[in-house]
Each structure stands twice: as C-alpha cells, then as structure tokens.
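I have placed the structure first, in the form of structure tokens, so that the comments after it can refer back to it.
Values in this text are rule-based calculations from the coordinates and carry no lab data. Model, not experiment: these values are computed from the prediction. Glycine gets a Cβ as well: all are built from the backbone with ideal geometry, and neighbour counts include every protein chain shown.
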Amino acid sequence: MKICSKCGFMNDNGDNYCERCGQDLNESEPIENNNSISFEEPNKKKKAFYIIGASLVALVCILGLVVLCVPKNTEKNSAPFYNTTKTVSYREFIKNWNNQVNSNNTFTNGVHIDENINYNFEIQLKNDAILQCSKDDDKYYITYKKSYISEKNFKNSLTELLKMVYPDISEEKLNSETEKYPDNLKGYTITVGDNSYDVDSLKRYVQTDDVVFDTETGYASMAVSFSSFKNSLKSEYAKYLAGDDSSAVTSEIISEANNIIDTVLNSYSVVHSDYWSSDVKEYYFDFARKGNWGMVRATIDVEQDNDNIVFMSVACTDYYLNDYYNDCCRMVTRSLGVSNSTIGNALTYSEDEDLFSCVYRGIRYTQMTKSNKYSRMEFYPYSRYEETKYTLINPKTSTNDTALK
C-alpha cells in the first residue's frame with residue numbers, strides 16, 4: 001500500500017496520486033501497512049491526531065443537537081414530523097371535511113364534496129350560513145358568512161375549519177384566534193398557504209383607493225362622497241344663479257346658493273334600494289315645478305354606513321320643463337367633475353337595455369332618450385363588482401362519490 005505523505009490516506013500500490021488529496025505519491029517510497037507503521041514524522045502525527053480528535057468532538061456535538069431538536073414520538077403509527085407542522089392542501093382539506101361528514105359533525109350539514117374537485121364551490125350550512133371555497137396557484141380561501149354571527153357560532157365555525165386546514169393546531173392557538181375579533185363579526189376568510197394560514201374578518205364595506213366594495217351585494221362604489229358633491233353643487237348653483245357666468249358670482253349669490261342647497265338637502269328618508277340591495281338614505285330636491293305633476297326632480301341615494309353616493313337621477317315629467325331639466329343635468333354632471341356635453345357625446349344606444357348609456361371616469365350614465373326631451377338621466381357612481389363565481393353544492397343531492405363537472 002502507498003500511504004500519502006500529506007494526509008495519511010492508504011492508496012493502492014499502483015496509484016501515482018493520492019485519491020483523497022491529490023498528492024504525488026512517487027515522492028515517497030511505498031510502505032506496507034502493518035497497522036502500526038506511519039509515514040508521518042512525529043510532529044505531523046500529533047497535528048493529525050488533534051485534527052481528527054476535534055472533528056470527532058464536533059460531530060458528536062452536532063448529533064447531540066439533532067437528537068435534542070427532534071421531538072420524541074411516543075405514539076405508534078403517527079404521522080412524520082414535517083406533516084404535523086404543515087397546513088393541508090386544498091384536496092386534503094376536502095378530505096378532512098368529508099371525514100367530519102362521515103363522523104356526523106352537524107357543522108358540515110351532511111354535505112359531501114367530490115375530493116377531485118378543482119373549482120370554486122359554495123355550501124349552504126345551517127342557520128343561513130354560507131361557506132365559500134376558492135383557490136389559485138399557491139393558496140386557497142375559505143369564507144364563512146351569514147347575516148348575523150353570534151359569538152357562539154363564530155367561535156365554533158372558526159374552530160371547526162381551522163382544525164380541518166391545520167389538524168395539529170393547539171387549543172391555545174385556537175383560543176387566541178377567536179379572541180382577536182368582535183362578537184358582531186360579519187364573517188371571516190381563512191387564507192391557507194404552504195405551512196401558513198391567516199384569518200381576516202369579513203367587513204360589509206371595504207375601501208381600496210377610491211373604490212368601496214360591498215361584500216354582501218357585490219357592488220363597488222367609486223367613493224363619490226355626498227358631502228363633497230354637495231359643496232360642488234353649491235358652487236354650480238351659484239354660477240347658475242349668476243347666469244352661468246363665473247365672473248358675475250358675488251358673495252351674496254354664493255350665500256343664497258349655499259342656503260338653498262343646505263335647505264333642500266337637509267333631510268332624507270330611509271328607503272330600500274333594489275339596485276344597491278340594501279337600505280339607503282335618499283335625498284331629493286325639485287329644481288322646477290309646473291302644476292301638480294310637472295317637475296324636474298333630482299334624487300340622491302347615499303349609503304347608510306358612510307358618505308358615499310350609490311345612485312343619482314334627474315327626472316323630467318313635463319316636456320315644457322325641458323330647459324330646466326338640461327340645466328339641472330348640467331349642474332349635477334359638473335359637480336361630479338364632468339361636463340354635460342362630454343357625457344352627451346359619449347352616450348350610445350344599448351338594445352339590451354333600450355336606452356342610451358356610457359361609462360366615464362368610473363361613473364355609469366344612462367338616459368332614456370338622446371334628445372334630452374321629457375327624459376330621465378341616471379348616475380351610477382359604481383360598477384358591479386366581479387365576484388368569484390361559485391358552484392352551489394346542494395346538500396340534498398350530494399353524495400360521497402358525486403362527480404361534479
């Protein structure tokens with residue numbers, strides 16, 4: 001055997017270079033290994049001994065740390081450690097749900113879900129509760145909502161769902177999650193990623209930049225506040241009183257316009273808006289009247305929970321009041337920051353709705369006739385929010401092996 005003079009590795013007699021360090025083996029004579037012969041000088045042997053000893057100590061320390069960090073598994077046939085600390089996949093969540101159905105868990109309402117499902121679905125639960133599940137490339141979302149959530153059913157439902165997405169969650173963690181939110185919660189969404197999850201409260205109105213989303217109805221307001229519109233309307237009305245001449249607007253005219261607008265928009269009625277699908281505060285003022293039925297009326301619907309306008313209209317019920325109707329439309333559109341002529345030019349006929357309409361700067365305008373005669377103009381400072389589409393799974397027809405296409 002050839003022993004390397006540099007590292008002490010034992011090489012075959014036919015080797016010219018050390019297999020471990022690459023040292024030229026021809027620089028020293030081959031020596032037979034009798035388990036007691038070393039080619040190294042005494043100082044090199046001592047150095048190598050220290051190196052080997054230090055390496056063994058380091059190895060023992062590392063192995064000790066590994067043993068201490070790995071939890072002791074005292075249960076037979078338990079899952080591997082990496083599974084017990086991870087949230088489950090979308091399909092595994094559905095399997096866990098079906099296991100709870102098979103265990104007669106009343107929370108599931110007995111609804112089995114196809115375990116090969118790959119689309120968004122919705123389940124009707126007891127007490128008018130709705131469960132919606134959707135997914136994208138790396139996350140999935142579970143939303144629980146109902147018209148009224150008490151403290152009891154909120155905590156129960158969140159506990160049940162968290163156990164399905166994170167089977168090894170501790171009781172301490174469950175309690176901390178339910179204590180974060182108020183008892184009058186509208187609902188919540190659990191966002192589940194790889195080894196992570198997050199719970200967000202579901203609010204009725206969520207504002208992002210200048211858009212206010214209504215999570216219950218799926219509409220999105222463009223956040224046109226009633227107070228700012230009212231202030232702009234005062235300025236436009238003062239200009240109208242001055243003959244549409246800005247230079248002729250005096251302090252007296254401004255004071256008169258302010259008093260009139262404050263008076264006519266001082267009170268409101270609470271009405272149900274079919275288009276907004278909720279109760280709103282409705283203001284109105286008559287810009288002009290003729291006899292008992294002839295009028296030009298402006299109507300403004302405002303959300304109850306905030307100051308955002310969700311609908312406005314200017315209606316004319318008498319042809320002879322057409323000039324007043326045009327003046328009122330002009331003031332309203334200018335108060336929104338748009339000229340009346342711009343909207344008029346943008347209006348196009350829609351056969352489906354049998355009216356003229358356009359969308360300009362996020363606001364939808366509709367008008368019954370193009371000529372503005374004996375007409376009605378509507379302003380929608382919002383557009384329908386494109387909600388996630390869900391397939392409804394009917395509890396009465398669902399089975400354990402239902403093939404949902």
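Computed quantities for the displayed model
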read-out: Contour minus Cα-Cα distance for N322 and S246 (0.36 nm per residue); value: 25.0 nm
read-out: Computed E for E256/K180 - FRET, C-beta separation, R0 60 angstrom, nearest 0.05; value: 0.65
read-out: Potential lengthening between S196 and D168 on full extension [0.36 nm per residue; Cα-Cα distance subtracted]; value: 8.8 nm
read-out: Greater than 31 Å apart at Cα, pairs in K146/K234; K126/K281; K145/K281; K145/K173; K86/K186; K146/K230; value: K146/K234; K126/K281; K146/K230
